[in-house]
Structures are given as C-alpha cells and as structure tokens.
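So the structure is just underneath, and the comments pick up after that.
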Amino acid sequence: MNIGILSMQRVINHGSFLQSYALKKNLEKYGYVSFLDIIDGEDNSAIMCDSNSKTTVKKNTYLLNRIAIKYYLAKKQKKIICENQREYLKLDKHENKYDCVFIGSDEVFNCSQKSSFGFTTQLFGNIVNAGYVATYAASCGNSSLKTINTYFEEKIRESFCKINKFSVRDSNTEEFVKSLSDKPVIRNLDPVLIYDFENEIVKTERNEDYLLVYGYQNRFMKNEIIKIKEFAKKNKLKTYAVGVFHPWCDKNIPVKPFELLDYFKNAKYIVTETFHGCVLSIKYNKQFVSYVRDSNRNKLEDLLKQFRIEDHIIDCTTDIENEIFNTIDYTPINDYISKERKKAYDYISLCIDECRVKTEAR
C-alpha cells in the first residue's frame, strides 16, 4: 500500500520534523510511506474577514549587540535540519498515486496565516491522486470561522467533502471542522506524544544542571528574560537555548532533532512558549512553565487544559519559581497518554482498513 503524508514537513523547525517523522514511523507498518509537497494555491492575503486584525508580536531588543552570533547559529541550525529532512524523511521521493493520504498533523488548516503557498484546497482534502483521504491530529492554529471570509469558507466546505475521516488535536479545530462538515470528528494526540523515539534519541554530553529555554527567536520580552535569568541564577542553573537561539542565554547550541529530545529529557527545568516545547516537556515528565502568545493561544491553552496543567501557564509578571516548583503529578498524565496512544493506533488502523475495502471495491 502506498501511503502519503501531507504536512508541514519542509518547515525548518524541530517540532515539525519530529511530528512528521513520528507519523511516518507509525504508518510504516501498513505500507510504503512518503510525503506530498504542498501545491501552491490562491493568494490568501485577503482570506481574513474585515473584522479580523492581524496578530502582532512585539520583538524585544535585548542584547542586540550579539545578533550576529544568533544568526550564525540559526544558519548552522537550518543546515542541520535540512540534512535530517533528507536523511530521515526522504522528502524528494514522491509517488504518482496514493492509496491513502493522511493530512497532518501540524497547523495544516491554519488558513488565516499568510504563507508562501497561499490558500490551497489540497490541505483541506482536495488531493486528486489519493484513493482515500484522512486527517491525523490536524490543527487550525489561530484560524477559526470568524477569521475567514465567505469565499474561502465555501472552498473549505467543498474540499472537506473529499475527506473520509477527520482527526484533530484541539477543540478550536474540532469546532471548525464540525461547522463545515457533517462527518464525525475524533480528537488525537500529537504524533510526538504517540511515538516513543527510544531507538532514535541521541545522547549528548553535559556536566552541569541547566534550565532549558525553548522558544522562537525575538519572542521573549525583556521582563520575561529578566525573570528567567533571575530564576536560573538563584537555583544555580545554566540557561541553555537549544535549537532556537537567544543571545542572553549562557549557551546556544545547534542540535539535530533527536539530540533535542535528550536535552529535554535531561533538563532540570524548562521554560517554553511553543506547542512542541510543552509536548516534549510532558513527554519526558518535566517540571516546566509556558508563556502563551496570541498566535498560539488556541492550541497551547487547549493542550495544557487537556492535561489539566493550565496552572503552569505564566506571563511576564509571574514569579517563575512559584509555578515551576508547583509539582506536576505525571501518573494520571502518563495513564492518559497510554490510553490515547491506543486510541490513535485504532484510528489509524481503521482508516487503513477502510482504504483497503475501498480499493478492493474499485
């Protein structure tokens, strides 16, 4: 069986790589798996409703004298990610026809965000070379029916008719799909939480306790930086920026995706502001806190509420120590992940079985 994945696998981002790889590994037991590239669509600069205002992120200007170092490291990190994409995802190997295509995970339905490929109905199910189409843990990101105009809404509704089964990863996306399709919608965990990576994780060498700081460049505000550094100093921790770089941290380290896993696994504490920063913290049962931005509020708040740890959301006024020392009980969380893992396997297996029946009937 030829199985395809349509996702954000070419994004230069550790989380995008890890979730693409994890879904690929979970599907390989059913057949040969390869990735579809996103086909360019319409210009989506006008996709948003008039009432929707763009979300802006204020950039900090802290220690800009070290900006050259940051961009040197970012260039080196990009090369590492691209090499791993070629080696492990085999992105340039395509099939002319697929028995089954899974759309997801990642923000494949985030149509309110301007992108290089624009608005393409392919991401919403319009895949002409697939016999069967399903989604897995798809997300709208910060898109919703309120943020798109009627023209694109109807395009999505038409494309959704071509999807046989829907799996999403957050309540905002579930509501979005249910508003535009009458088909059942199931919730599944991100592939990074489903796959164990025990055969892939690469051990790294360290000889000190560290606070892992994981967030996008230029998104930590000055007050946040001050509080992070104060917490690290008070608790005799070095600050490590791994994979994404912050000049104010003690160490900035370019890593392979499977090395990143080891840095998360062995961190004393973690401060993040990304979805996969939280996913990996939960996966490795770490004590962590997360800032939430307008651009990721839908998916990040939903994730932490799902695991009942939303009290670990902080803002620039929060005393990090109070929240990060608020111990997370991972026993019920790990039990929940185990149940959700089986649920995910059952869903994927059902999709494959339905695809086989459909193929045999043709």
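Some observations on this one:
- Computed accessible area, Val357, all protein chains, 1.4 angstrom probe, square angstrom: 100
- Rg/Rg_ref, region 88-130, where Rg_ref = 2.2 N^0.38 Å and atoms are Cα: 1.30
- Nearest-20 debye value, region 94-187 charge dipole, Cβ charges on Lys, Arg, Asp, Glu: 60
- Fraction of C-alpha pairs exceeding 14 angstrom in region 228-268: 49 percent, rounded to a whole number.
- Projecting the Cα atoms of Thr318, Ser338, Ala267 onto the charge dipole of region 257-362 (Cβ charges, centred on the Cα centre) puts Ser338 farthest toward the positive pole.
- For region 132-223: rounded, prolate or oblate by the Cα gyration tensor [a/c cutoff 1.5]: oblate
- Residue pairs, from the table Lys25/Lys236; Lys155/Lys358; Lys25/Lys203; Lys162/Lys339, whose Cα atoms sit over 32 Å apart: Lys25/Lys236
- Nearest 10 degrees, 0 to 90: helix 222-234 Cα axis against the chain principal axis: 60
- Accessible area of Tyr347 (1.4 Å probe, protein heavy atoms only, ligands and nucleic acids ignored): about 10 Å².
- DSSP beta bridge pairing in the chain, given as percent antiparallel to the nearest 5: 5
- Ellipticity estimate at 222 nm from DSSP helix runs (n ≥ 4, -39,500 (n - 2.57)) divided over the chain, nearest 500: -12000 deg cm²/dmol
- Region 175-300 shape via C-alpha gyration tensor axes, a/c threshold 1.5: oblate
- Whole-percent P(r), the chain, all Cα pairs, 10 Å bins from 0: 5, 24, 33, 26, 10, 2, 0.
- Its Cα centre serving as origin, region 155-292 has a Cβ charge dipole (Lys and Arg +1, Asp and Glu -1) of approximately 280 debye.
The values are calculated or read from the model by the stated rules, or taken from the named source; none is laboratory data. Everything quoted here is computed from the prediction, not taken from an experiment. Ideal geometry is used to build each Cβ from the backbone, glycine not excepted, and the neighbour counts take in all protein chains shown. When the accessible area is computed, the model is the full protein with side chains, heavy atoms only, and any ligands, DNA or RNA have been set aside. Shrake-Rupley method; radii C 1.70, N 1.55, O 1.52, S 1.80 Å.
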